[in-house]
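Notes to accompany the following structure.
The values are calculated or read from the model by the stated rules, or taken from the named source; none is laboratory data. Note that this is a predicted model, so its numbers are computed, not measured. For neighbour counting, all protein chains shown are included, and Cβ atoms are generated from backbone atoms with ideal geometry for every residue, glycine included.
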Amino acid sequence: MQEVKELPVNKITAGDNALRLEAEDEELASLSSSISRVGIIVPLVVVSKDDGYIVVAGHRRLRAAIKCGLQTVPSIVRNAAAAEVKEVSLAENLFRKDLTAVETAAGIKDTLDEGIMDVPGVAAALHRTEHWVHEQMVMLTWPQDVLEGIHVGWLGVSAARNLALIEDSKYREFLIRNAHDNGATARTTAAWLQAWRSMASPEEALMQEPGPGRGVNQPALPQAPCLCCGGVNRTDAMSMVLICSRCISTIRDIGARG
């Protein structure tokens, strides 16, 4: 059993292992209040450096302890190899419930860009595949309006993946507003993507990257948002109106102005 020591908080730093230190929030205040009442139940894990210590696991507990005025915190001092320290720190920071999918991807990117770990190392630390790690990097290249929907929490990653493939920014903004106001599943946004591609010329449509595979389930009937009310309907239940692209843009602009 590893020894737990009371270490001075002014000797402990986050170092370069912390991928994300949170701003003031309700959860941190709640944790600080709990520590004030019952103390720190789970010790921090630290490693020695010079005349102080660096946190490997327990960044939030350290911040909460400082917030409520503790002078010392229970800690386990490990003599871990550098690779092990990085793995433990990465896992704790990225397996937290308060991280959004975008923050997780950004944390992984920082880890790779700074040379802390490589793709196989990140995959092993998080018990994921290397393909999953690469997907996180691709997510960060998606349009900003799509990433904002994921980050705020009203747009799921699977639904967002289809919207990210829509290159027409005005049409994508129109669909994102619809998704925000009415909700949208991956099935719905796949239908929107299909509808958008059907507007393109055959040459453009052939050059598009395929959407995510959907196995051998029964194909969904195409759906599209109404240009007037924004409601999503099956395309076979909608009227075909011959409108030029210039007028379609005008209608979208009027809808955007509300």
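Does Ala184 qualify as being within 23 Å of Thr104 (Cα to Cα), part of a loop (DSSP other than H, G, I, E, B) and modelled with pLDDT of 90 or more? Against the criterion (within 23 Å of Thr104 (Cα to Cα), part of a loop (DSSP other than H, G, I, E, B) and modelled with pLDDT of 90 or more), Ala184 qualifies.
Each row is one residue, and each column tells you yes or no for (1) outside the structural domain of Gly231 (by TED's automatic domain parsing); (2) buried (at least 21 other Cβ atoms within 10 Å of the Cβ); (3) at negative phi; (4) of a type outside the set (A, V, I, L, M, F, W, C).
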residue: Leu140; (1), (2), (3), (4): yes, no, yes, no
residue: Arg161; (1), (2), (3), (4): no, yes, yes, yes
residue: Glu167; (1), (2), (3), (4): no, no, yes, yes
residue: Lys170; (1), (2), (3), (4): no, no, yes, yes
residue: Glu173; (1), (2), (3), (4): no, no, yes, yes
residue: Ile176; (1), (2), (3), (4): no, yes, yes, no
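The residues of the range 27-51 that are surrounded by 13 or more Cβ atoms within 10 Å (Cβ to Cβ), out of contact with any Ser or Thr (no Cβ under 6 Å at 6 or more places or on another chain) and among the aliphatic types (A, V, I, L, M), listed by number, are Leu28, Ala29, Leu31, Ile35, Ile40, Val45, Val47. Out of Ala224, Ala237, Ala220, one residue alone is at pLDDT 60 or above and surrounded by 10 or more Cβ atoms within 10 Å (Cβ to Cβ). It is Ala224.
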